[in-house]
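Heads up, the thing below is written out as C-alpha cells.
What follows is calculated from the coordinates using simple rules that are stated; it is not laboratory data. No experiment lies behind these values; they were computed from the predicted model shown. Virtual Cβ from ideal backbone geometry, glycine too; neighbours counted across all protein chains shown.
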Amino acid sequence: MPCSQCGAVVADGSRFCPQCGGPVEEGTPPVGSEAGVQQTSVENPPSMARIPGSPRPRYTDDKAVVSFLFGILSFILSIFTGIPAIVLGHLARANIRKSGGQLKGAGLAAVGLASGYLSLGFFFLMVFAILIPNLTRMRVATNEHEALRTVRRVTVAQFNYQAKYGGNYAPSLTALGPAVKDCDVRPSADRACLLDQQEAALGSTVCTTGRWCARGSYRFSVAPVSSSTADFVVSATPLTPDMGRFSYCMTSSGMIHSREGEPVARPLTSVAECQSWKEI
C-alpha cells in the first residue's frame, strides 16, 4: 500500500511509513497520483490573487461619466447641469491623476468640462443680451423723469418770482438762482435765490438768457417770450440722443409739452413754439 505523504510502499497492516514516518490512512490516495491531484484541486482551490507582474485592471471614473452626461444635457438645461458638469469634471481629472493609471475617463471628463463651460458662456451671453437693453431703457427713463421734475420745479420758482417781484417773470436761470442754501447775498430781482439745492447748478452765472445749462443728462434754459418778462419758456433737452428720447418745454400755462427725437439745438423763446409740441 502506498504512503499518503511520500508515496513509498508500506506493508499491509503498518500504521506508520518507514520512509517518512507519517501515519498511514487506509483509502487515502498518495500525493502525486491522479486521485490525489483531483482531491487537492477540489479541497484546496488555487489562489485568485493577481499574478505578480501582470497588468492591473483599469476602471472608468464614475465622476467622469456623470460629468460627460451632464455636459451633454447642459446644451438643453443650461447652467442647471452645466455647473455640475464642470465641478465633477475637475474632480474626475484630479482622481485620475492621483490613481497612477488605474482610473481612466480623462476624455469623458474633458468633454464634460468643455460642454459645461460652453453652456455657461451661452447663458451669460443670453443674460447680457436681455439685461443690457433693459438697463439702458431704465437709465433713459430715469433721465427723462428727472428732467420733467426739474422743469416743474423751475416753473414753480418762476411763479414765486412773479409773486415776489411785481408780476414779471425771471428772464433767466441766473435770475432765479442760486439755491436758497448757497445764497450768501440779499435776494434781488437779479439773484432771487429761489432754486432748490438740486437745481443749484442751474443758477450759476453762465445760465443767462437763452443759454443752455447742463444738469445731469439734460440741458435746461429759461427765456422770456419776445423780449418780455410777461411770459416765459422753460426748455429741457438731452445732452446726447442716447441719454433721453424727449425734449420738454413749459410756459406760464403750467402744461408740459414734449417732442421726441434729436436734442434741440437752441432754447425755445416762443409760447407758440412750445405749444406746437405734444402736450403730456
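When region 80-192 is described by a simple charge dipole with +1 on each Lys and Arg Cβ and -1 on each Asp and Glu Cβ, the residue from CYS183, ASN143, ALA170 located farthest towards its positive end is ASN143.
Projected label points at ARG15 and PHE122, each 7 Å from Cα along the beta carbon direction, are separated by 8.9 nanometres. Fewest-first ordering of VAL127, VAL264 by other beta carbons within 10 Å of each residue's beta carbon gives VAL127, VAL264.
Between SER270 and TYR165, the distance separating the two model label sites (each 7 Å from Cα on the Cα→Cβ line) works out to 2.6 nm.
Scalar couplings 3J(HN,Hα) for region 151-159, obtained by applying the Karplus form with A = 6.51, B = -1.76, C = 1.60 to θ = phi - 60°, are 4, 5, 5, 5, 5, 4, 4, 5, 5 Hz; x denotes Gly and Pro.
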